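Below you'll find the structure, written out as C-alpha cells, and then a few comments.
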Amino acid sequence: MKNLIKENLLIVALLFAVVTYATNINDNVKVALINSKLIDLKLENSDGDLIIRIKDTYGEVLYAEKFEGNYFSKKYDLNTLPIGNYYFEIEGRTRINLMPFKLTPSGFELRNQMKSTFYKPIVRQEEDLVFISKIAFNTEDFEVYLYDEQLNLLYKENLKGDINLGKTLNLKNLKSGNYRIVMKSEGKVFEQKIYKK
C-alpha cells in the first residue's frame, strides 16, 4: 500500500513538473466556477476540430468529446469525481492545451499558473522529401523514427536544443510502398503514414 501511494505521488509530481515548466500559455481557454464542483469551460478555437478530454493523473481518459467550430462553452458537473488531481486536455490540429485542476473537499481549484501548451509535430511530404517540424518552447527532446511496412526501423534521430526543431527525410533510395513516421516528445507519441511512389 505504501508503494502504491509513493507511485501515485511520483506520478502527480512528474505530471505537474512537466506542466509547471511550460512557458507558452494559451489565454483563449477560460474556466468559470458556477458552484463548488460545477464549472463552465469556454474557449475560442482557431485550431481546427478539437477533442476535449478530462484525464486523471495516470493519463486515463475519464471523459472525451469532439467539437467543431470557433466558440465552445459547456458546463461540467465534477461531483462524480473523487477528491484528487485532474486535468483538461484540449487537443487541436497543431497543439494540445493542458489545464490542471484539483478537487478538494471544498470544491474545484484551477491551477492557472500551471496551464501549458504543447505544440504537435507537423509532417509534410513533397514527392521523395518528407519535412518534419516541431516547436519546442520547453526545449524538449524530439525523437523521430521511420519504419517500413514490416515495422523494421529504418531511421531514428533525437533532435534537441532548439525551439524550432526540424528534419528532412529523403525517401529517394527506398522502394515504393507505405512507411510510418513515429515522433515522440514529452511522453506523447504521434504517428504519420507516408507513401513512397
Reach of residue 37 by Cα under 13 Å, taken over aspartates and glutamates that are not fewer than 8 positions away in the same chain = 77, 109
query = In nm, to one decimal, how far is the residue 194 label point from the residue 79 one, both placed 7 Å along Cα→Cβ?
reply = 5.2
message = I want to check a number: in region 76-197, how many lysine pairs have alpha carbons closer than 16 Å, given a sequence separation of 8 or more or different chains?
response = 24
task = For region 34-68 and region 148-171, compute the distance between their C-alpha centroids and round to whole Å.
result = 32
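If you wrap region 91-157's Cα atoms in a convex hull and average its projection over all directions, what's the area in nm²? Don't skip to the end; give the middle numbers.
Values: hull surface 29.9 nm².
Here the figure is 7.5 nm², rounded to one decimal.
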query = What ranking do 77-85, 90-98 get when scored by the average of other Cβ atoms within 10 Å per residue, highest first?
reply = 90-98, 77-85
key: Accessible area expressed per residue, region 70-197, with surrounding protein chains retained (probe 1.4 Å, Å²)   = 57
query = If you wrap a convex hull around the Cα atoms of region 46-96, how much volume per residue is inside, in Å³?
reply = 80
Accessible surface of region 58-120 [probe 1.4 Å, protein heavy atoms]: carbon and sulfur percent = 47
task = Could you calculate the FRET efficiency of residue 122 with residue 66 from 1/(1 + (r/R0)^6), where r is the beta carbon distance between them and R0 is 25 Å, rounded to 0.05?
result = 0.75
query = Going by accessible area, probe 1.4 Å, with all protein chains left in place, what is the ranking of 88, 137, largest first?
reply = 137, 88
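In a shell of Cβ-Cβ distance under 14 Å around residue 83, excluding residue 83 itself, what net charge do Lys and Arg (+1) and Asp and Glu (-1) give?
Value of the local net charge: 0.
The values are calculated or read from the model by the stated rules, or taken from the named source; none is laboratory data. Because the structure is a prediction, the values reported are computed rather than measured. Here Cβ is always computed from backbone atoms with ideal geometry, including for glycine, and neighbour counts include all displayed protein chains. Protein only, heavy atoms only, side chains kept; ligands, DNA and RNA dropped before computing areas. Shrake-Rupley method; radii C 1.70, N 1.55, O 1.52, S 1.80 Å.
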